[in-house]
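J.: Below are the structure tokens for one structure; questions will follow.
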Amino acid sequence: MKKDFIAISDYSPAELQEMLDLAVELKKERMTYGMNVPILQGKSLGMIFQKPSLRTRVSFEMGMQQLGGYAFYLSPQEIGLGQRESIADVSRVLSGYVDCLMARVFDHQHVLDLAKWASIPVINGLSDYNHPCQGMADALTILEEFGKLKGLNVVFLGDGNNVAVSLMHICTKLGANFVLASPEGYDLNPEALALGQKFAAESGAKITLLRDPHEAVKHADVIYTDTWTSMGQEAEAKKREAVFPPYQVNAGLVAEANKHAIVLHCLPAHRNHEITDEVADGAHSRLFPQAHNRMHAQKAILVKMLK
Ligand code: CP
Ligand code: NVA
């Protein structure tokens, strides 16, 4: 295993599968006995946030506690990452206090810099480029539903954003076909796409890029969407609201997919924008198990980083 968990693309399919298997085990243990063996007793996690969060913050904090460890939150105001103090200095100071760092940043380079200077593992809790912990929870949710990823058709509708990048990478690493339907100008990061193409060639999966959401959901096993305006893009919200409505995940669109298709969303959802209430709260939705799986997937990541 690598020192850090910065991107799905840094890990081999076997390593990713190993982490997912451990997540399944830890979830089962917690669900069966109401607790986990405290294998991270004495270990601590510092959580640096430059952006708001519900899931990432609480799931890491509770996950650490359930494994016998300790986690604490550092707000943007407290740290002033790169402003009050350089990233290199923050990283080296914290390396002497805690056993692991988790960071949610605007600029992906900042999480790379933290990892470069830290002598302890650094976990990426979302950057403008990717969201690998989300990708792991997504894969766990798909596995629970279908028992595998290989051969499935996973369709992402909307912005080719950070969440789409990690989803594409976990899918193509583990053999699921990835389809993106996005409006012109909202395509995937080209470097991330090139990596995805390489992983797809290695696993026998296929990447399909489309503009038409109706064509995209034909034969879909998983329909995934996310906000049209990510954190940090608020100034573009109005422009985006005008472009994305054809990509809304509503009951009509879901009816065009496979009957057994499930609907995922990393949350927070902007209800009746990218997803309707009817779909978010309907029979195809797995939104809340997916959110809960953040904790189980991240516990596996923490164990792999810290043991
Ligand atoms: N999905 C996700 O990362 O949620 P938060 O922004 O609430 O952490
Ligand atoms: N794409 C969203 C995901 C939030 C969890 C964002 O970056 O704001």
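The values are calculated or read from the model by the stated rules, or taken from the named source; none is laboratory data. Worth saying up front: this structure is predicted, and the values here are computed from it rather than measured. Backbone-built Cβ (ideal geometry, glycine too); neighbour counts: all protein chains shown.
J.: State yes or no: is T276 among the hydroxyl-bearing types (S, T, Y), at pLDDT 95 or above and within 16 Å of ligand 1 (Cβ to nearest atom)?
T.: no
J.: Could you say whether any residue in region 2-14 is under 19 Å from C100 (Cα atoms), part of a loop (DSSP other than H, G, I, E, B) and free of Cβ contacts under 8 Å to residues at least 24 places away in the same chain?
T.: yes
J.: Hey, among F146, F156, F178, which residue is hydrophobic (A, V, I, L, M, F, W, C), more than 16 Å from ligand 2 (Cβ to nearest atom), over 18 Å from R55 (Cα atoms) and crowded, with 24+ Cβ neighbours inside 10 Å?
T.: Selected residue: F178, the only one of F146, F156, F178 that is hydrophobic (A, V, I, L, M, F, W, C), more than 16 Å from ligand 2 (Cβ to nearest atom), over 18 Å from R55 (Cα atoms) and crowded, with 24+ Cβ neighbours inside 10 Å.
J.: Report, by residue number, each residue of region 26-59 that is assigned to a loop (DSSP other than H, G, I, E, B) and without any contact (Cβ under 8 Å) to a residue 60 or more places away in the chain.
T.: Correct list: G34, M35, V37, P38, Q41, G42.
J.: Next question, about the same structure. Is there a residue being away from ligand 1 (no atom under 16 Å from the Cβ), surrounded by fewer than 23 Cβ atoms within 10 Å (Cβ to Cβ) and part of a loop (DSSP other than H, G, I, E, B) anywhere in region 99-109?
T.: yes
J.: Just the residues that are assigned to a loop (DSSP other than H, G, I, E, B), under 22 Å from H108 (Cβ atoms), touching a residue at least 40 places away in the same chain (Cβ under 8 Å) and not small (G, A, S), please, taken from region 230-244.
T.: If the condition is that a residue be assigned to a loop (DSSP other than H, G, I, E, B), under 22 Å from H108 (Cβ atoms), touching a residue at least 40 places away in the same chain (Cβ under 8 Å) and not small (G, A, S), then M231 is the only one that fits.
J.: How many residues are among the hydroxyl-bearing types (S, T, Y) and within 16 Å of ligand 1 (Cβ to nearest atom) if we restrict to region 17-74?
T.: 4
J.: Within region 157-171, take every residue that is more than 9 Å from the chain's Cα centre (by Cα) and among the small types (G, A, S) and give me the one that is nearest to I275 (Cα to Cα).
T.: Applying the filter and picking the extreme gives G158.
J.: What residue, among those in region 261-279 that are buried (at least 19 other Cβ atoms within 10 Å of the Cβ) and part of a strand (DSSP E or B), is nearest to ligand 2 (Cβ to nearest atom)?
T.: This residue is H265.
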